[in-house]
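Following this message is one structure expressed as structure tokens.
The values are calculated or read from the model by the stated rules, or taken from the named source; none is laboratory data. Everything quoted here is computed from the prediction, not taken from an experiment. Counting neighbours? That spans all protein chains shown, and the Cβs are built from the backbone with ideal geometry, glycine included.
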Amino acid sequence: MALTQPINGIIGACLTPFGEDDRINYEALQREIDFLVGDCDAVSIAAVEAAEYSMLSREERKELLRIATQMVDKRLPVILGCSSPSPREVIELAEYAAAVGGDLIQVLMPLRPWGGQPTIAELMEFFTQVASASPLPIVCYHNPGPGADPPQDAFVKISEINNIRYFKESSRDITKISRLIEQIELAGKGHYFTTMQPLLATLMLGGSGATMPPPGTRIGAQVVRAFRAGNLDSARFWARCFALFPGKWAAYGLPPVMKSAMKHFGIDIGTPSRPYAPVSPRDHNQIGQFLRQVGLLGEAGPNPQALKDAALTLAQEDTFLR
């Protein structure tokens, strides 16, 4: 679909459902995408590390991009992941993304191929090569660990490259976020997205929104709706949910926790790709209990006291286990 206006709000980062044979479960993927469409303003496919795209072969990755784009069926803008440390491979994937109907591509700020942080000049050259050849506009993606973690000046310089339209930044550093919203979003150089925990702060500072996997998207959508309606009490309540979820279970990593949580919404997208472990039955039940207590499941609806009760329940259970 042609983008007639900028994306604002929630970008749903689709997780990859794996079956028992370690192949993609496309029936589960369709259910997940339908869930995302109900809450989100755009959908990204194989664009973040939580999507486990690195567990796929090149052909499996391309097939996922193609089929998932078809499943979205032009209901929302689609951002297709084209990350690689090789500009040539990024460009080849970008051309494929355009051919299968993507609206944007997302590209991780890469580490050097042999490891280590690139210089600002190297990152500028990387994104200049990619942006000059990509048929689709680009989301520049910052995720320290699997990718580079450059100084803030690098973001501002990259925002001046033609065809770089969006940023997805994962630091959760409010000092960095506030400066880059000021120098990129409010300066008219691009649209700035963060992640779950700083979503409300991002919106209040003038940023565009946040990218997150489901079912964090259900909470994020509530934050955005309340903020847009001027109901800051409700926006704060939903933003506070991110203080516990998914961070309380962070030791597992994001995909296991979010795949567990999706099962409580009746959408089974499996477990992480082997050999990586799912959450334990105990923690799976804890996650469901939290989602019920804050009003995301069942008919009770949101209740500020319920969030305090959920925090207390989790603390008591942890004390008992010690």
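Is it the case, given these coordinates, that E27 is out of contact with any helix residue (DSSP H, G or I) (no Cβ under 6 Å at 6 or more places or on another chain) and farther than 16 Å from M258 by Cβ?
yes
Looking at segment 1-29 only, could you name the residues that are farther than 17 Å from I105 by Cα and surrounded by fewer than 18 Cβ atoms within 10 Å (Cβ to Cβ)?
Listed by number, the residues that qualify are G19, E20, D21, D22, R23, Y26, E27.
Inside segment 249-270, can you point out the residues that are surrounded by 17 or more Cβ atoms within 10 Å (Cβ to Cβ) and within 18 Å of the chain's Cα centre (by Cα)?
Matches in segment 249-270: W249, Y252, L254, P255, P256, V257, M258, K259, S260, A261, M262, I269.
Out of all the residues in segment 119-165, which are closer than 21 Å to E89 by Cβ and among the aromatic types (F, W, Y)?
Matches in segment 119-165: F126, F127, Y141.
Right, something else. Just checking, does segment 118-126 include any residue being assigned to a loop (DSSP other than H, G, I, E, B) and acidic (D, E)?
Among the residues of segment 118-126, not one is assigned to a loop (DSSP other than H, G, I, E, B) and acidic (D, E), which makes the answer no.
Criterion first (out of contact with any Gly (no Cβ under 6 Å at 6 or more places or on another chain) and in the same structural domain as Q106 (by TED's automatic domain parsing)) does A201 satisfy it?
Answer is yes for this residue.
Is there a residue being touching a helix residue (DSSP H, G or I) at 6+ places or on another chain (Cβ under 6 Å), within 17 Å of L36 (Cβ to Cβ), outside the structural domain of C14 (by TED's automatic domain parsing) and in a loop (DSSP other than H, G, I, E, B) anywhere in segment 264-279?
Yes, segment 264-279 contains at least one residue that is touching a helix residue (DSSP H, G or I) at 6+ places or on another chain (Cβ under 6 Å), within 17 Å of L36 (Cβ to Cβ), outside the structural domain of C14 (by TED's automatic domain parsing) and in a loop (DSSP other than H, G, I, E, B).
Working only within segment 93-150, note down all residues that are of a type in the set (F, W, Y) and touching a residue at least 24 places away in the same chain (Cβ under 8 Å).
So in segment 93-150, the residues of a type in the set (F, W, Y) come out as 96, 114, 126-127, 141.
Within segment 93-150, Y96, F126, F127, Y141 qualify.
So that you can scan it fast, the table gives a plain yes or no per residue for (1) of a type outside the set (D, E, K, R); (2) under 18 Å from K168 (Cβ atoms):
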{"position": "G19", "(1), (2)": "yes, no"}
{"position": "N25", "(1), (2)": "yes, no"}
{"position": "D34", "(1), (2)": "no, no"}
{"position": "G38", "(1), (2)": "yes, no"}
{"position": "V43", "(1), (2)": "yes, yes"}
{"position": "M55", "(1), (2)": "yes, no"}
{"position": "R58", "(1), (2)": "no, no"}
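Please find, among A42, A50, the residue that is crowded, with 16+ Cβ neighbours inside 10 Å, in contact with a helix residue (DSSP H, G or I) (Cβ under 6 Å, 6 or more places away or on another chain) and either assigned by TED's automatic domain parsing to the domain that holds A98 or touching a residue at least 12 places away in the same chain (Cβ under 8 Å) (or both).
Exactly one of A42, A50 is crowded, with 16+ Cβ neighbours inside 10 Å, in contact with a helix residue (DSSP H, G or I) (Cβ under 6 Å, 6 or more places away or on another chain) and either assigned by TED's automatic domain parsing to the domain that holds A98 or touching a residue at least 12 places away in the same chain (Cβ under 8 Å) (or both), namely A50.
Out of G216, G209, report the one residue that is in the same structural domain as E52 (by TED's automatic domain parsing), modelled with pLDDT of 95 or more, touching a Gly at 6+ places or on another chain (Cβ under 6 Å) and surrounded by 16 or more Cβ atoms within 10 Å (Cβ to Cβ).
Values: G216 fails: touching a Gly at 6+ places or on another chain (Cβ under 6 Å).
Residue meeting the stated conditions: G209.
Regarding segment 167-187, can at least one residue be identified that is out of contact with any His (no Cβ under 8 Å at 6 or more places or on another chain), in contact (Cβ under 8 Å) with a residue 60 or more places away in the chain and closer than 28 Å to I91 by Cβ?
No, segment 167-187 has no match at all.
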